[in-house]
Amino acid sequence: MGKKPPLSGSHATTLALKKLATEKEVVRRKLVVTAKKLRRKATQLAATAREKERVRRKLVVTAKKLKISHETLEKKVFERTKDLEQMKAKDEAILASIGDGLVATDKDGRILMTNKAFERLLGWKESEVRGKFLSGVIPMVDSDGKIILQPRHSLKDISATVNGASGSTLFYKKKDETSFPVAMTVAPIFIGKELMGAVNVFRDITKEKEIDKARSEFMAIASHQLRTPLTAIRWALSSLKRENLPDNLKKLVHTAHETSTQMAVTIRRMLMISYLEESATEPEMVEMNLKAVLEKVVRLHDAHRLRNGLEIEVRCPQDLVAETDEQLLIEILDNLLSNAYKYTPKGGKVKLTAALQGMMIRIDVADTGYGIPKEEQRKIPKKFFRASNIASPAASGTGIGLYMVYNIVRLIGGTISFVSQENKGTTFTLLFPS
């Protein structure tokens, strides 16, 4: 096979141009593809740019809104802070103006805050006592100066002591070691159902005690001064009752004698109240047959019972023995039975029942009388209180009998309670150690 003949110059140039044209076409096509890619990329970048612009604009709007919100919030916070400061100042002014002492504690009895009256009454500054135990800073003492609550006593102990001292006087000891009688109220502080602490509000009742003492002394003096002439009047009327007088005069003498007898009972009760309030009476404990005591008390009121057509029923075991102060027990039963007769309409029934209940003696005095209105029952132990529904139908009454009974019952270590329904009757229940 022979060699190709060499190309002529023009032919070689043609082939070179064809090859160059082919290469240019390849490059062109690549450039076209690249251009398409760049166009797509440019389109994507343009879309991204537009999206970024939209986001930027949204961010600008949001930033403006946030700025406005921030400014509004700052304004509201400022106004709220100002309101809170005003409220705090107002609360502090109210607390400062309260005449009664006020101290707030946590549930363990540590002092959280006080008011100005606290500082004035006790001599302690709030900064001196904050965080300390209330019972440690302000000892609570009885009338003999004996400390009732020791330091570190809890809210529960303090509440129990205050609630259990309704019949006695509590004293607070001041910073200078002097003391004064107080009337106080302890109220718990709850957040939801969780006990957080308590508020103790108290006031100095020295003046009230002095007034009560003066009143009791006056009552005792007046009663003593009345007893002597009244005894002479009763003796004279008793003598006249035995005389042969005309019927009209006999009736007047009889009425006068009954009235003077009732007055003597009232004076005796007033003297007893003065004695109970001013003296540290010690019961004289003796053993007695309880049925004999009940029958003795019943006989004291036979005339009244028969005159008003009342029925009496006495239930007591024959051998029931009690050990207590007989005279004080008679005084209690005498008043309860007197009230039962006095506030029971004619033809009614009174029931006197005694029994042993565990280690206690229980005595019930039940009647079918007027009863006590429900809304007035809490006032029963108060001095001179008389229920509104019996003030008219009852012939007489001073409202001191039950006050005296409640005080005597505490003296013999007992308790007294009652249940009553208006127009159906009342039952008083006496419990005391056997």
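Being surrounded by 13 or more Cβ atoms within 10 Å (Cβ to Cβ) and modelled with pLDDT of 80 or more: is that true of LYS291 here? Yes.
Among the residues of region 167-184, those that are modelled with pLDDT under 85 and among the polar types (S, T, N, Q) comprise SER168, THR169. Residues in region 292-315 that are within 41 Å of the chain's Cα centre (by Cα) and over 17 Å from ASP367 (Cα atoms): 1 in all.
Yes or no, residue by residue, for (1) surrounded by 14 or more Cβ atoms within 10 Å (Cβ to Cβ); (2) modelled with pLDDT of 90 or more; (3) more than 26 Å from ALA264 (Cβ to Cβ); (4) in the same structural domain as ALA303 (by TED's automatic domain parsing):
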| position | (1), (2), (3), (4) |
| --- | --- |
| ALA355 | yes, yes, yes, yes |
| MET360 | yes, yes, yes, yes |
| ARG378 | no, no, yes, yes |
| ILE390 | yes, no, no, yes |
| ALA395 | no, no, no, yes |
| ILE400 | yes, no, no, yes |
| TYR406 | yes, no, no, yes |
| SER417 | no, yes, yes, yes |
| SER434 | yes, no, yes, yes |
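Which one is surrounded by the fewest Cβ atoms within 10 Å (Cβ to Cβ), of the residues in region 228-259 that are of a type outside the set (D, E, K, R) and not in a helix (DSSP H, G or I)? Restricting to residues being of a type outside the set (D, E, K, R) and not in a helix (DSSP H, G or I), the top hit is ASN244.
Would it be correct to say that VAL314 is β-branched (Val, Ile, Thr) and surrounded by fewer than 18 Cβ atoms within 10 Å (Cβ to Cβ)? It is true that VAL314 is β-branched (Val, Ile, Thr) and surrounded by fewer than 18 Cβ atoms within 10 Å (Cβ to Cβ). Only residues that are in contact with an Asp or Glu (Cβ under 6 Å, 6 or more places away or on another chain) and on the phi > 0 side of the Ramachandran plot were counted in region 166-196, giving 0.
The values are calculated or read from the model by the stated rules, or taken from the named source; none is laboratory data. Keep in mind the model is a prediction, meaning the values are calculated, not measured. We place every Cβ from the backbone using ideal geometry, glycine too, and count neighbours over all the protein chains shown.
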